[in-house]
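Below is one structure, written out as structure tokens; the observations come after it.
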Amino acid sequence: MKYHTCLYFQFFSFFSFFLILNFYFSLSTCDICEYENLPPNCKQSSDYFLIEEKDLSFEYFFLNSQGNFFSKVHEEITVGLIVIQGGGRYAQEMFCYLQNSTNQLPMALSSQVYIVAPHLLDSTDERKKDNEVFWDTNGLKKKDLNDITNTLNGWKGGGLSTIEYPNRISSYYVIDYLITQFENEMNFPNLNTILIAGHSAGGQVVQRYALVGNKTMTTNKRMRFVPANPSTFVYFNQLRPNLPEIVNNNYCDNETIPTYNYTFSVPKTNCFIDYNRWLYGLNEQPQYINV
């Protein structure tokens, strides 16, 4: 499946987020792009959202000085940024990288951005609350086809949370919930743009949510998506790129990708009988999409 991902790999830099911020604030330079390697430490706090209708909760990180979603009216905020963790589920670290870099903007601009990082757990993670939601670690490894649409790659694929709690939710539902909180004009009266960014596994979530997310077409806020370096992504039909005959297996080289004129066709080999299933295509989609 490697060649399915090559055309997308590194087409979006994680710090293209800052280019978007530059564009949004009409800045002429990108000085903050130099801060990619800042250490992951910042003055962050965490709190829990309680999804009352599901009796489930999840942790999220935010800047201590800004307070949580409900602590005050965030009149200064015009941009809400939801950052999705990578495969290691280090939501706090991803929050800090973005917050530290955003702090390099002029104060008048950085203070307009509210960053929130939901912590999406899997079954190997420690839970701090009895009703803290988590997703199955096994994901696509499950062979029970009756349940495959509920467990598709856990939180990365929008699958349903563990059966330990009866009110199961998709990881995409968490993003829906956060967007809904940003839409609340009682707390964010001047917010007009919502950015969703993620790196690696987080980039996979962002790309797929941009395609199928319930809130992408219903929100009245301007939506922007930054899927950075996803190892896989979903295609819209059954066609896939035909690999060029390039020596040294360098068809994923960053210089080769944008210059090669690819052709597309339906794969013929039996090795890829599942190539168009969800995560890579639109077959056997998770329940979230079919509701």
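Here are some residues: Thr218, Thr232. Which one is open to solvent by 40 Å² or more (accessible area, probe 1.4 Å) and not in a strand (DSSP E or B)?
Within the list Thr218, Thr232, the selection yields Thr218.
Given (1) out of contact with any Asp or Glu (no Cβ under 8 Å at 6 or more places or on another chain); (2) crowded, with 18+ Cβ neighbours inside 10 Å; (3) at negative phi, where does Ser200 come up short, assuming only one miss?
It fails just one condition, (3).
Quick one: count up the residues across segment 43-72 that are closer than 17 Å to Glu126 by Cα and either among the small types (Gly, Ala, Ser) or over 22 Å from the mean Cα position of the chain (by Cα) (or both).
2
Looking at this structure, is Arg240 open to solvent by less than 70 Å² (accessible area, probe 1.4 Å), modelled with pLDDT of 85 or more and basic (Lys, Arg)?
yes
Filter segment 47-64 for residues that are open to solvent by 10 Å² or more (accessible area, probe 1.4 Å) and either more than 18 Å from Ala117 (Cβ to Cβ) or in a strand (DSSP E or B) (or both) and give the result.
Those that are open to solvent by 10 Å² or more (accessible area, probe 1.4 Å) and either more than 18 Å from Ala117 (Cβ to Cβ) or in a strand (DSSP E or B) (or both): Asp47, Tyr48, Leu50, Glu52, Glu53, Lys54, Asp55, Phe61, Phe62, Leu63.
Any idea which of Glu185, Glu284 is open to solvent by 80 Å² or more (accessible area, probe 1.4 Å), among the charged types (D, E, K, R) and at pLDDT 85 or above?
Being open to solvent by 80 Å² or more (accessible area, probe 1.4 Å), among the charged types (D, E, K, R) and at pLDDT 85 or above holds for just one of Glu185, Glu284, which is Glu185.
Out of Val73, Val116, which single residue is modelled with pLDDT of 85 or more and outside any loop (DSSP other than H, G, I, E, B)?
Details: Val73 fails: outside any loop (DSSP other than H, G, I, E, B).
Result of the check over Val73, Val116: Val116.
Going by the structure shown, is Gly203 more than 10 Å from the chain's Cα centre (by Cα) and modelled with pLDDT under 95?
No: the conditions fail for Gly203.
Among the candidates Asp47, Asp55, single out the residue that is modelled with pLDDT of 90 or more and on the phi > 0 side of the Ramachandran plot.
The unique qualifying residue is Asp55.
Quick one: in segment 84-112, which of the residues that are more than 24 Å from Tyr173 (Cβ to Cβ) and of a type in the set (A, V, I, L, M) is most open to solvent (accessible area, probe 1.4 Å)?
Taking the candidates together, the pick is Met107.
The values are calculated or read from the model by the stated rules, or taken from the named source; none is laboratory data. Computed from a predicted model, the values in this text were never measured in an experiment. We place every Cβ from the backbone using ideal geometry, glycine too, and count neighbours over all the protein chains shown. Keep in mind that these areas ignore ligands, DNA and RNA; they rest on the heavy atoms of the full protein, side chains included. Shrake-Rupley method; radii C 1.70, N 1.55, O 1.52, S 1.80 Å.
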